[in-house]
Amino acid sequence: MIKRNLFLLGTCTMLLSGCDGGTTEEDVEESTKSETSSLAHSSSDSKESGLLVSREVEILESMSLEEKVGQLFLARYPDVEAIEYAINYHLGGFIWFGKDFSEKTPEAVINEIKAIQEGADIDLFMAVDEEGGDVTRISSYPQYRSSPFLSPQQVFGESGWEGIESFALEQALLLKRLHFNLNLAPVVDIPNSPEDFIYHRAFSTVLEEVNKFSETFVSVYNNENMGTVLKHFPGYGSNIDTHTGVAYDNRSLDELWQRDLLPFQTGIDAGTEGVLVSHNVITEIDPDWPATLSPEVVHILRENMGFDGIIITDDLVMEGLQAFATPEEAAILAVLAGNDVLISSDFIVQMSAVLSAVEEGRISEKRLDESVLRILKVKQQLGLLQ
């Protein structure tokens, strides 16, 4: 219903007509004053962006509670019935893994994505982890690229910054050709030594090099209107793999500010669309909760670093999170903490839990609207709101 009404809504706003159910200038002014549109109003510092913001608010105000909750979820791509899941659950997006490419031609992937986007009221994020090196969901298969992308670390060692620019550009063009719109990359963690878990996925142990990589990668992707997601906030350092256990990070906040947070700030300033938060427990920030579930961690991103894009959780069914909350409770706590997009391998159960929490008043609709509006803003920037 939303996609079908977008043209009418936009036309009525621009013409300021008196058509039945149309949006008048007074309606737009009133909506920007309302509680549900406070985020959009505050994010606009110029009259030039007013039409863009009002359109996003119009979409938001036309959405049901179920549609809003659905937008929060970046669900693991299913083996069957992807269109039905996208439509029936109003999903915000799908995250694709290697299995989703291995037996398919590029044309088959393109056609699947086109069919989903055509059926959905609001186009979905189509996301993938194509980091290079150890994590190459797409280029591992020869029908997409003759050889997997090397890690950025290897590319830099062989070809320097010119090689990094070419690497990022080729990646962005490949994703765009396949109709993806969001790469869960770059990895801007700074390991301390080659023995660290994150080392082989990271770019360098040298802060200045990681800073420049963050800026370069995001800028190249922006030029192609392809979304990026910095990860894993606030930086892995020497922590263990949270896919398999709980990681406690005892570094001081001063240490993080002097080193690990800087590449994230650089990427934010360069215009990244998203930041993915890890499941590490940062004891100096919040000793009780993993970063994904911590309002204090989100506060640093929003208030101290000025990030107004989408904050994304790591997968909410990873082992490093299960010691703190059930999958249902983890989803609720992630929203309450201030995350916007929840990566979920069990989205049906978690979506039901979040919806119930909103209906019962545990999560306010104002809090829900803040995240949905950020999601719509990013989708607008990426050309997904038709």
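The values are calculated or read from the model by the stated rules, or taken from the named source; none is laboratory data. Predicted model, so just to flag it, every value in this text is computed and none were measured. Cβ coordinates were reconstructed from backbone atoms using ideal geometry, including for glycine residues, and neighbour counts include every protein chain displayed. These area figures cover heavy atoms from the full protein model, side chains too; ligands, DNA and RNA do not enter into them. Shrake-Rupley method; radii C 1.70, N 1.55, O 1.52, S 1.80 Å.
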Open item on the list: Using only Cα atoms and rounding to the nearest 10 degrees, what angle (0 to 90) does helix 106-119 make with the longest principal axis of the chain?
Closed with: 30 degrees
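Would you please classify the overall shape of region 118-183 from the alpha carbon gyration tensor, given that a ≥ b ≥ c denote the square roots of the eigenvalues, rounded means a/c under 1.5, and beyond that prolate means a/b larger than b/c while oblate covers the rest?
prolate
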Open item on the list: Give the separation of the Cα centroids, region 75-96 to region 142-158, in Å.
Closed with: 29 Å
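Under 8 Å for C-alpha pairs, at least 6 residues apart: give me the relative contact order for the chain, rounded to a whole percent.
15 percent
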- [ ] On the protein heavy atoms, probe 1.4 angstrom, tell me the percent of accessible surface of region 220-279 carried by carbon and sulfur.
- [x] 47 percent
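Using only the Cα atoms of the chain, build the gyration tensor, take square roots of its eigenvalues as a ≥ b ≥ c, and label the shape rounded, prolate or oblate: rounded if a/c is under 1.5, else prolate if a/b is larger than b/c, else oblate.
Because a/c hits 1.5 or more and a/b exceeds b/c, the chain counts as prolate.
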TODO: Please go through the residue pairs 104/212; 176/377; 99/176 and name each one whose alpha carbons sit more than 25 Å apart in this structure.
DONE: 104/212
Task: Apportionment of accessible area to carbon and sulfur, region 47-175, percent (1.4 Å) - done: 51 percent
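Does region 247-386 come out rounded, prolate or oblate by the C-alpha gyration tensor, with a ≥ b ≥ c the root eigenvalues, rounded set by a/c under 1.5 and, if not, prolate when a/b is larger than b/c and oblate if not? Provide the component values of the computation, followed by the final result.
Numbers: a/c = 1.86, a/b = 1.12, b/c = 1.67.
Oblate shape, in that a/c is at least 1.5 and b/c is the bigger or equal ratio.
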Open item on the list: On C-alpha positions alone, give me the angle between the axis of helix 365-381 and the longest principal axis of the chain, in degrees, nearest 10.
Closed with: 70 degrees
Task: Accessible-area composition of region 312-386, carbon plus sulfur, in percent [1.4 Å probe] - done: 48 percent
Task: Magnitude of the charge dipole, the chain, Cβ model with Lys/Arg +1 and Asp/Glu -1, debye to 20 - done: 720 debye
- [ ] Return the single residue from 229, 218, 109 with maximal mean-square fluctuation; model: Gaussian network over the chain, springs between Cα atoms under 10 Å.
- [x] 109
- [ ] Per DSSP H run of at least 4 residues, take -39500 (n - 2.57); add these up for the chain, divide by its residues and hand me the 222 nm value, nearest 500 deg cm²/dmol.
- [x] -13500 deg cm²/dmol
Open item on the list: Can you give me the angle between helix 327-337 and the longest principal axis of the chain, using Cα atoms only, in degrees from 0 to 90, rounded to the nearest 10?
Closed with: 80 degrees
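Whole number in Å², please: accessible area per residue of the chain, 1.4 Å probe, ligands, DNA and RNA not counted.
I get 41 Å² per residue for this part.
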